[in-house]
Every structure is written in structure tokens, then in C-alpha cells.
Amino acid sequence: MTNNVKIFDTTLRDGEQAPGFSMDGGQKLRMARALADLGVDIIEAGFAVASPGDFEAVQTIAREITGTTICSLARCNTGDIRAAGEAISPAKDARVHVFIATSPLHRQYKLKMSKDQVIEKAIAGITLALEYTDNVEFSCEDAIRTERDYLKTVVEHAIAAGATTINIPDTVGYTTPEEITDLFRFLTTEVDGAAGAVFSAHCHDDLGLAVANSLAAVRGGARQIECALNGIGERAGNCALEEVAMALRTRADFYNLGTNINTSKIYMASKMLASITGNPVSRNKAIVGANAFAHESGIHQHGMLANRETYEIMKPEDIGLEADNLVLGKHSGRAALKHRAEKLGFTLSDNQLQSVFVDFKTLADKKKEVFDADIEALLLGEAIGAAGPWEIDSLYVSAGSDSFSGGNNQPEATIRLSHEDGRKRSMVKCAGGPVNAVLLAINELTGHDLHLDSFNARSVTEGEDAMAEADIRVSKDGESFHGRGTSTDTILATARAYLDVINRIERRVKRTQNKNGKIQQPIAAQH
């Protein structure tokens, strides 16, 4: 048995399908690049049959991402597997991941199949997947609640049919560390043909045990962990990639196992995912939370000054969080910006560097000092955002207390937008608040009528000239969209975030029209 644990990342599939975490194709591709750079062994790029957009995203990732295995999920039926096989076909290293439920509850109420029928379906699915690749993973959905003897039989048939990876998912986050260790020890020693397959754990966090259970499965013989950045995923989420990777690294003395993860890339990848999805990481989140390496207690600070190891079992640099917060200013050049970007975990092309440098100079003219968090906001904007078609040419907002205006004046927004087709439009709008005035004006100028679901603005640095980051989530026709904007002006950051949503919607409509296709409703997949 190998001493290396494969990291199977499902951020773009299980993570992305969770409510509030959806990504478009371009965002998925950017995230896939970050995951490949992080060193994950397998990227589950999506559920190809779910929609034309998901199929296209998986295929694009398969075509453009190298150095890792690209995988697509499929149920054990012909349509799913053919869609997955065709989507991953451009990849240099491809995998099809097929699954079928095996527990009594799922057999009786969801599948309405007998034990033998489930096995027949599993064998047929694996056999068809082998027409596209010899790297086939098979999952027993709800394996933890499956009768142990029957689970053993299913796994034996899957291996005999040609599956090279066997996944044992805790689909509903039900198991305990002791229980899952014993189950994996049983399967890896008692299943016929077990030595010819890699056993994998996919644990959900419904009881807060996903990481603990994944590590316990490894102790029982699993050599692949299925996880997601920031622990995102269905319901309470998945096992957090950053936590298992750092646990195996930090406690190598206990586990005697390693991964191929470049942990210095963790922080950047985590920040990128939070910005793409508009779901910030909790301050007290292990490894990547803002408080993970912060110390306020006087006792802790005293110990830290004497020796960091008194209260830190990891170094900030281990995850790519630089200890030195180099200050840049308006006199800093491209080389200094590029160097700092690399220290923060970003690799910029010449075109990207030029674009970020223009924004950096604009920011540096407004601020005396530009800190790491400011630079990260600019870099993430470049990595995540896409140009147009709408842009803000100018924005002016007036607002004040009724005690000064005599109660006669409402907050007012004056905004001018330009479109890539040459149109220029402007409007003055009054409303109950300055943000509301801006959003209503943008709606009328662009011809969109969006429902605002959530709005959040925060300062990414400190001081009166701090950079503001705004996140907006809206819904239209039953679908949710997220936008992000930054500026030293909170209202402008909000306007940019809202326009970012509109631009995403218009780019999506344009792509769909170009293909003369219709957008399907997505098909959910859990295991």
C-alpha cells in the first residue's frame, strides 16, 4: 500500500452544485487552473449531463488543464456516461466517475431496484465507461448505510468489471471515525481484488466530522480523499481540502503519509474561491480563516514573541500567507508588483500584469500605502472578472440627513454607462437610499429587472482610505447570480458588483444565442 494519499477535489462538482456556490464556465476554468497549480491529483470538473453549460465547462477544463486527472461524474445510465466520456475526451489524463446507490433506503425508495438489479446496473455502467477511459471510479452512494456483506459484494463486482478506484461515500454525514476506520479496514482486507484498486473516502460534514472521518478512513486503508476547498458542498459541506492536507503534513509523525499538495498555494486558492462564489470564509475557519494565525490574548502574544511554536503548530508561510506585509506605493513599478503577486501565490501573464498595474496605479494615487489585502483584491478581480459589455464611466451620489435638507431631498444617483457596442447612457435617479438609487438606475439603463437577494460590503484593509469589497447576489427567472466589485469608494464598489452580475447574465445569453441552444435546468447529483 502506497504512502501517498491522492487528493480528489470536487469543488467544481459537489461544491459548485450547493445553493449559493454556482459558477459559470469561465469561473470554473480559472478555479481549475488554481486547483491544478495547488497540486490536486484529480479534479472532478462537473456533472456533464446536468446542462449544456456544465458539459462545456468540463470539456474546456479537459482541453486546457494539464498535470492532473480531469474527471466527470455520471450516474450508471447510458446518457450520463456518454456525456461524461465525451466531455473528458480532450484530457491527457481522464477519468469517468460512475455511481449508483446501494443502501436499503435508496434501493427501495429512490431506485426501486433489487440487490441484483443494482449490481447489474453498476457492472453495465463501468463497462460502458471503459469505452472512454481505462481510469474508471465507482461509487456506492450512501455506502455507510449499506449492509456490510452486500457492500462487499457490490465492490467485488465493480473491481471485477474494471473499476480502478472504489469510493465509499458517507453521503449524509452519518458515520463516526471509529466506524469508518473499521469499515475501510474490512473492505481493503476482505474484498477479492482489493489490492488492485484504490479505495477512496467521500465524507460530508452534517455532524461536523467530515475531516475526522476522512483521516480515519485513511487509517483504515483509504488512499484517496474526496474533498473541496473551504469545505464547500451540499448541505453542511464536504471534507475541507486545506484541513486534511495540512493535517497530514503537520502530523506526518502520526500518519506517516503525504500528499502532492503544494500547501503554499492553499491561501490564494481559498481566497479565489471565496471571491468567485461570494461566500467569504468564516474568521475562525481552520487553516484559511482570518483568525487562524492571529493572536490577541496577552498570554498568547507573550509566548509568540518568545517562540512562535508556543501557540502555532504551522507557519503562515506553509499555506502561502506571507508574514511580511510589504507596503507598495505610487512610485512602485511593475517588477515590484509582479514580485509581490508571486509572493501572494499569483502568476500573471504580461497582459494581466499590465491590466493590474493600471488599476494598481489608480489605487496608489488614492492611497498613500497599498497593502497585501489591497493587492489581493486587485489580483482576484483580474483573475475572476471578465470585461464588459457594460462599464461605468462616471458615478456621483448625494445623500444626507433630513435635518439638513428640511426633509425635502431624497438620496440621488447620477450615473453614466457605456456598452461595448458604442452605446452611452446616463440617468439621474432618486430613491430611499444611495445604494438603492444606484441599483435602480443601473436596472433602467441596462434594461434588466433583477431581484436583490443579498448585499455585503466590507473593508479589506484598515484606515480612512481602505479598499472596499462588495458582494451582491441577485435572482432572475429562478436562477441565482453573484457579482463582485472593489473600490476605495463603497458605493462605487457596490455599483461595480451589481454591473458585474448584469455583465455575467448578458455574456451568458450571448453565448447561448451563438449556439442556438436552450439552457436546461440542472440535474442534481449527490453521493
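Of the conditions (1) surrounded by 13 or more Cβ atoms within 10 Å (Cβ to Cβ); (2) modelled with pLDDT under 90; (3) within 29 Å of Ala290 (Cβ to Cβ), Pro434 fails just one. Which one is it?
(2)
Can you find, within segment 34-48, the residue that is farthest from Gly258 (Cα to Cα) among those that are surrounded by fewer than 24 Cβ atoms within 10 Å (Cβ to Cβ) and touching a strand residue (DSSP E or B) at 6+ places or on another chain (Cβ under 9 Å)?
Ala36
Look at segment 49-85 and say how many of its residues are among the polar types (S, T, N, Q) and out of contact with any strand residue (DSSP E or B) (no Cβ under 7 Å at 6 or more places or on another chain).
Taking segment 49-85 first, the residues among the polar types (S, T, N, Q) are 51, 59-60, 66, 68-69, 72, 77-78.
Next, only the ones that are out of contact with any strand residue (DSSP E or B) (no Cβ under 7 Å at 6 or more places or on another chain) stay: 51, 59-60, 66, 77-78.
Qualifying residue count for the region: 6.
Going through segment 8-33 one residue at a time, which ones are closer than 14 Å to Met272 by Cα, surrounded by 22 or more Cβ atoms within 10 Å (Cβ to Cβ) and among the basic types (Lys, Arg)?
Lys28
Name the one entry in Leu130, Leu105 that is surrounded by fewer than 23 Cβ atoms within 10 Å (Cβ to Cβ), more than 19 Å from Lys6 (Cβ to Cβ), out of contact with any Lys or Arg (no Cβ under 9 Å at 6 or more places or on another chain) and not charged (D, E, K, R).
Only one candidate passes the filter, namely Leu130.
State whether the residues of segment 454-461 include one that is assigned to a loop (DSSP other than H, G, I, E, B), modelled with pLDDT of 85 or more and either not polar (S, T, N, Q) or not assigned by TED's automatic domain parsing to the domain that holds Asp372 (or both). Please lay out each step first, then the result.
Of all residues in segment 454-461, those assigned to a loop (DSSP other than H, G, I, E, B) come to 460-461.
Right, trim to modelled with pLDDT of 85 or more and you get none.
Checked against the condition, which is being assigned to a loop (DSSP other than H, G, I, E, B), modelled with pLDDT of 85 or more and either not polar (S, T, N, Q) or not assigned by TED's automatic domain parsing to the domain that holds Asp372 (or both), segment 454-461 yields no hits at all.
Determine, yes or no, whether Glu190 is buried (at least 24 other Cβ atoms within 10 Å of the Cβ), of a type in the set (Asp, Glu) and either more than 23 Å from Arg145 (Cα to Cα) or touching a helix residue (DSSP H, G or I) at 6+ places or on another chain (Cβ under 7 Å) (or both). Spell out the reasoning first.
Values: buried (at least 24 other Cβ atoms within 10 Å of the Cβ): no; of a type in the set (Asp, Glu): yes; either more than 23 Å from Arg145 (Cα to Cα) or touching a helix residue (DSSP H, G or I) at 6+ places or on another chain (Cβ under 7 Å) (or both): yes.
Answer is no for this residue.
Check segment 146-157 and report whether any residue there is surrounded by fewer than 22 Cβ atoms within 10 Å (Cβ to Cβ) and either on the phi > 0 side of the Ramachandran plot or free of Cβ contacts under 8 Å to residues at least 24 places away in the same chain (or both).
yes
Quick one: is Ser89 crowded, with 24+ Cβ neighbours inside 10 Å, of a type in the set (Ser, Thr, Tyr) and within 29 Å of Gly39 (Cβ to Cβ)?
no
Can you spot a residue in segment 474-490 that is modelled with pLDDT of 90 or more and of a type in the set (A, V, I, L, M, F, W, C)?
No, there is no match, as no residue in segment 474-490 is modelled with pLDDT of 90 or more and of a type in the set (A, V, I, L, M, F, W, C).
Filter segment 214-238 down to the residues that are outside any strand (DSSP E or B) and within 22 Å of Ser282 (Cα to Cα) and list them by number.
Residues satisfying the conditions are Ser214, Leu229, Asn230, Gly231, Ile232, Gly233, Glu234, Arg235, Ala236, Gly237.
Does any residue in segment 50-72 that is more than 10 Å from Leu12 (Cβ to Cβ) come within less than 7 Å, Cβ to Cβ, of a residue that is modelled with pLDDT under 95 and among the small types (Gly, Ala, Ser) six or more places away or on a different chain, and which pairs are these?
Pro52/Gly517; Gly53/Gly25; Glu56/Gly25; Thr60/Gly25
Please enumerate the residues belonging to segment 1-16 that are out of contact with any helix residue (DSSP H, G or I) (no Cβ under 6 Å at 6 or more places or on another chain) and under 18 Å from Arg504 (Cβ atoms).
Selection gives Glu16 alone.
For Glu16, state whether it is touching a Gly at 6+ places or on another chain (Cβ under 9 Å), in the same structural domain as Ala195 (by TED's automatic domain parsing), at pLDDT below 95 and charged (D, E, K, R).
Taking the combined requirement at face value, the residue satisfies it.
Could you identify the single residue in Val474, Val438 that is in the same structural domain as Thr490 (by TED's automatic domain parsing), in a strand (DSSP E or B), in contact (Cβ under 8 Å) with a residue 12 or more places away in the chain and among the hydrophobic types (A, V, I, L, M, F, W, C)? If you could, list the steps in order and put the result at the bottom.
Details: Val438 fails: in a strand (DSSP E or B).
Answer to the check: Val474.
Here's a check for you: in segment 245-287, which residue that is without any contact (Cβ under 8 Å) to a residue 60 or more places away in the chain and in a helix (DSSP H, G or I) is surrounded by the most Cβ atoms within 10 Å (Cβ to Cβ)?
Ser270
The values are calculated or read from the model by the stated rules, or taken from the named source; none is laboratory data. The structure displayed is predicted, hence computed values, not measured ones. Cβ sites come from the backbone with ideal geometry, for glycine too, and all protein chains shown count toward neighbours.
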